[in-house]
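Have a look at the structure below before the remarks.
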Amino acid sequence: MAVKKVGEKYRCNVCGNEVTVTKVGGGTLVCCGQDMELISSQGFKRSEQMENEQARTLEVLQLAVQMEVEGKEFYQKASQKSSNKLAKELFQQLANEEDVHRKKFEEIYEALSRGQNWPDVGAPSEKGKRLKSLFAEATKALGSKIKVAESELEAIKIAMDMEIKSYNLYHSRSEEITLPVEKRFYETLAGEEREHHLALLDSYEYLSDPAGWFTKSEHWSLDGA
C-alpha cells in the first residue's frame with residue numbers, strides 16, 4: 001500500500017517493527033521482504049485493539065513465569081523426597097528444564113515492558129532428548145523387580161496434570177497470535193511440555209508395573225522387528 005499522508009502508521013507483520021510517516025514520498029513501505037500494514041486508518045479502535053493485544057501478551061507471559069516457577073519448586077521437592085533413582089533424576093531434570101523456560105519468559109517480558117519488539121531469545125530445543133536417555137538408562141539399571149512408594153506415583157500423576165496445563169496454555173497461545181517469531185516460540189514450548197508429559201507417563205507406567213512394562217516393551221520390539 002502506497003503512503004498517502006503524514007502521520008500514517010505502518011507495522012511489519014514479520015518482525016513487529018512500526019513506523020510513522022513524517023514525509024510523503026508516494027512509495028510503498030517494505031520490511032522483512034513484505035509490504036508493511038497500515039495500522040492507523042482505523043483510528044482509536046485500532047490503537048485500542050493493539051493495546052489490548054499487548055496487555056494480553058504480557059498477561060500470558062506473567063502466567064507462564066508463575067507456572068514455570070511453581071513447576072520447578074514442585075519438581076525439586078519431589079526429587080528430594082524420592083528414594084527411587086528414576087523418579088529422583090526425572091524430577092530434577094524437569095526442574096532444570098522448567099528453570100530454562102522461566103528465564104526465557106522473563107527475558108521476553110522485560111523486553112516488551114520496555115517497549116521493545118519480541119526478542120530473539122531462541123526457543124528451548126531439548127525436545128525431550130535428555131529425558132528419553134535418562135528413562136532408558138534407569139530402566140536398564142533398575143530392571144523389572146523395582147518397588148516404588150505410592151507417594152512417588154502420586155507425585156508423577158500431579159506432574160502429568162501440570163504439564164498438560166502448560167501444554168494447553170502454550171498451544172492455545174500459539175493459535176491466537178500472528179507474529180511468526182512469537183508463534184514459533186510457543187509452538188516449540190508446547191512441544192517440549194508434551195514431551196515432558198510423555199516422559200512422565202512412561203515413568204508412571206513402568207514404576208506402577210515394572211514386569212508388565214518390560215513384557216509390553218518386548219512385544220513392541222518384536223512387532224517393530
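The values are calculated or read from the model by the stated rules, or taken from the named source; none is laboratory data. As the structure is a prediction and not an experimental result, all values here were calculated from the model. Glycine also receives a Cβ, built like all others from the backbone with ideal geometry; neighbour counts cover every protein chain displayed.
For this structure, a couple of remarks:
- Set side by side, the residues Ile146, Ile156, Ile164 differ, and just one is among the hydrophobic types (A, V, I, L, M, F, W, C), surrounded by 14 or more Cβ atoms within 10 Å (Cβ to Cβ) and not in a helix (DSSP H, G or I), which is Ile146.
- Total residues in region 75-108, condition farther than 20 Å from Thr57 by Cα, hydrophobic (A, V, I, L, M, F, W, C) and in contact (Cβ under 8 Å) with a residue 40 or more places away in the chain: 6
- On inspection, Leu153 fails the criterion of being within 22 Å of the chain's Cα centre (by Cα) and at pLDDT 85 or above.
- Filtered residues of region 11-37 (kept if surrounded by 16 or more Cβ atoms within 10 Å (Cβ to Cβ) and at pLDDT below 85): Val21
- In region 102-126, residue nearest to Asn13 (Cα to Cα) [restricted to those that are modelled with pLDDT under 80 and surrounded by fewer than 14 Cβ atoms within 10 Å (Cβ to Cβ)]: Gly122
- Scanning region 1-38 for residues that are among the aliphatic types (A, V, I, L, M) and either within 28 Å of the chain's Cα centre (by Cα) or outside any loop (DSSP other than H, G, I, E, B) (or both) turns up Ala2, Val14, Val19, Val30, Leu38.
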